[in-house]
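The values are calculated or read from the model by the stated rules, or taken from the named source; none is laboratory data. If you're wondering where the values come from, they're calculated on a predicted model, not measured in any experiment. Note that each Cβ is placed from the backbone with ideal geometry, even for glycine, and that neighbours are counted across all protein chains shown.
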Amino acid sequence: MEMQYRRLGRSGLKVSVLSFGSWVTFGDQLDVGLAADCLAAAREAGVNFFDNAEAYAGGESERIMGRAIDRLGWPRHSYVVSTKLYWGIHGATVNMSHTLNRKYLLQGIEGSLERFGLELVDLVFCHRPDPDTPVEETVWAMSDIVSRGQALYWGTSEWPADDIRAAWEIAERHHLHKPVMEQPQYNLLARRTVERDYARLYDDIGLGLTTWSPLASGLLTGKYLDGVPEGSRATLPGYEWLRDMLTAAEANAKVRALADVASDLGCSLAQLAIAWCAHNPRVSTVITGASRPEQVVENMGALEVLPHLDDAVLARIDAAVR
Ligand SMILES: NC(=O)c1ccc[n+]([C@@H]2O[C@H](COP(=O)([O-])OP(=O)(O)OC[C@H]3O[C@@H](n4cnc5c(N)ncnc54)[C@H](OP(=O)(O)O)[C@@H]3O)[C@@H](O)[C@H]2O)c1
């Protein structure tokens, strides 16, 4: 089982096609010790990119990842780490939440670096678009973060295609650091943004993708086929809003249909769903998530499934989720 490394869009940075992120899990489900176990399992499989965000667990996720990596003793040059800015962690303080203004971005990155215990993150994302701040102001601020050496590359998350193109063009016009990557949701039940909305951006501006929720928060593992299992994401306080999506009958019927394809390939549903995301060459890296090391090990097994996704299998998958 060999990890593949892909260029992050047109940049020279190579990221493992499967990566590992900390949303929901670090802080709420995993302490530093368990987080280190999951990180170690991912790295053992060849993962070199670890995703995070300021807002995850109110800043605690960055602290935990920083401490866990420190405990594991990984040399800084050997991994790629990210953060994302937008929601803020100072409550509703004016200028510091739900924004991409210059004040917030330049102060926000300093807070993230402090919590990580790092001098720089490799990637920094604008976690959502902000209609109240001119794109030009955000582009200058993000480019300044890169110029100051606080991040190496910047990108966006869940931005409309037109805004990504506008940001890129502003950067081009002013000789600033351009956005390199976008972080959209992408899985068997959420395909439109990656496959249609961004279709022109890959060749036009060389956009790379770090995609999220390959298992639709666990739905695509089949664990919600017969209701909500104990200890799963749907049972966590604060994530009640996910419950309807995870238990929806129509979605679970699609998962049931996918189970036949997985069974014929001799893999788990999780491995099939993750491999399917990685099969798209526009995807630089599929960010996986896990609440325990055994899930990491299982999910990394998607690498073995990837070569088996030929046209006939892909057609069966399409039919199952149509
Ligand atoms: N940019 C954004 O806006 C954004 C948004 C969301 C996520 N992300 C990034 O993407 C990463 C991945 O997202 P995600 O956590 O939603 O990914 P996901 O793969 O859709 O869901 C992961 C969750 O599914 C369950 N799971 C995973 N593997 C399993 C297995 N083999 N068997 C059974 N259950 C399994 C676990 O939850 P339980 O065990 O608790 O059920 C796990 O925490 C995040 O950590 C974050 O870095 C970014």
note = Within the range 162-176, of all residues that are away from the ligand (no atom under 16 Å from the Cβ) and aliphatic (A, V, I, L, M), the one nearest to the chain's Cα centre (by Cα) is A167
note = Note on the range 233-257: residues within 9 Å of the ligand (Cβ to nearest atom), without any contact (Cβ under 8 Å) to a residue 40 or more places away in the chain and of a type outside the set (A, V, I, L, M) are T235
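Can you report the number of residues in the range 92-119 which are in a loop (DSSP other than H, G, I, E, B) and more than 18 Å from K178 (Cβ to Cβ)?
Going through the range 92-119 one residue at a time, the tally reaches 12.
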inquiry  = Just to check your reading of the model, which residue among R128, R191, R196, R115 is within 20 Å of the chain's Cα centre (by Cα), free of Cβ contacts under 8 Å to residues at least 24 places away in the same chain and within 16 Å of the ligand (Cβ to nearest atom)?
reply    = R191
note = The residue from A257, A270, A251 that alone is at pLDDT 95 or above and over 30 Å from D28 (Cα atoms) is A257
request  = Could you list all residues from the range 18-29 that are near the ligand (Cβ under 9 Å from one of its atoms), of a type in the set (A, V, I, L, M) and on the phi < 0 side of the Ramachandran plot?
outcome  = none
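Residues checked against (1) within 17 Å of the chain's Cα centre (by Cα); (2) over 16 Å from R102 (Cβ atoms):
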residue	(1), (2)
E119	no, yes
V124	yes, no
T133	no, no
G149	no, yes
L152	no, yes
query = Is at least one residue of the range 35-47 β-branched (V, I, T), at pLDDT 95 or above, more than 15 Å from the ligand (Cβ to nearest atom) and part of a loop (DSSP other than H, G, I, E, B)?
reply = no
key: Selected residue (only one of D260, D318, D310 is of a type in the set (D, E, K, R), over 28 Å from R10 (Cα atoms) and without any contact (Cβ under 8 Å) to a residue 12 or more places away in the chain)   = D318
request  = Just give me the residues in the range 120-141 being outside any loop (DSSP other than H, G, I, E, B) and over 26 Å from G27 (Cβ atoms), in sequence order.
outcome  = V135, E136, E137, T138, V139, W140, A141
note = The number of residues in the range 268-307 that are touching a Leu at 6+ places or on another chain (Cβ under 9 Å), more than 7 Å from the ligand (Cβ to nearest atom) and either assigned to a strand (DSSP E or B) or of a type in the set (D, E) (or both) is 4
query = Is it the case that G218 is within 16 Å of the ligand (Cβ to nearest atom), within 17 Å of the chain's Cα centre (by Cα) and closer than 22 Å to N299 by Cβ?
reply = yes
message = So P229 ticks every box in (1) assigned to a loop (DSSP other than H, G, I, E, B); (2) within 7 Å of the ligand (Cβ to nearest atom) but one. Which box is left unticked?
response = (2)
ask   = Out of curiosity, is E60 part of a loop (DSSP other than H, G, I, E, B) and among the acidic types (D, E)?
value = no
task = Name the single residue, out of those in the range 170-188 being part of a loop (DSSP other than H, G, I, E, B) and in contact with a strand residue (DSSP E or B) (Cβ under 8 Å, 6 or more places away or on another chain), that is surrounded by the fewest Cβ atoms within 10 Å (Cβ to Cβ).
result = H177
note = Matching residues in the range 142-160 (part of a strand (DSSP E or B) and in contact with an Asp or Glu (Cβ under 8 Å, 6 or more places away or on another chain)) number 5
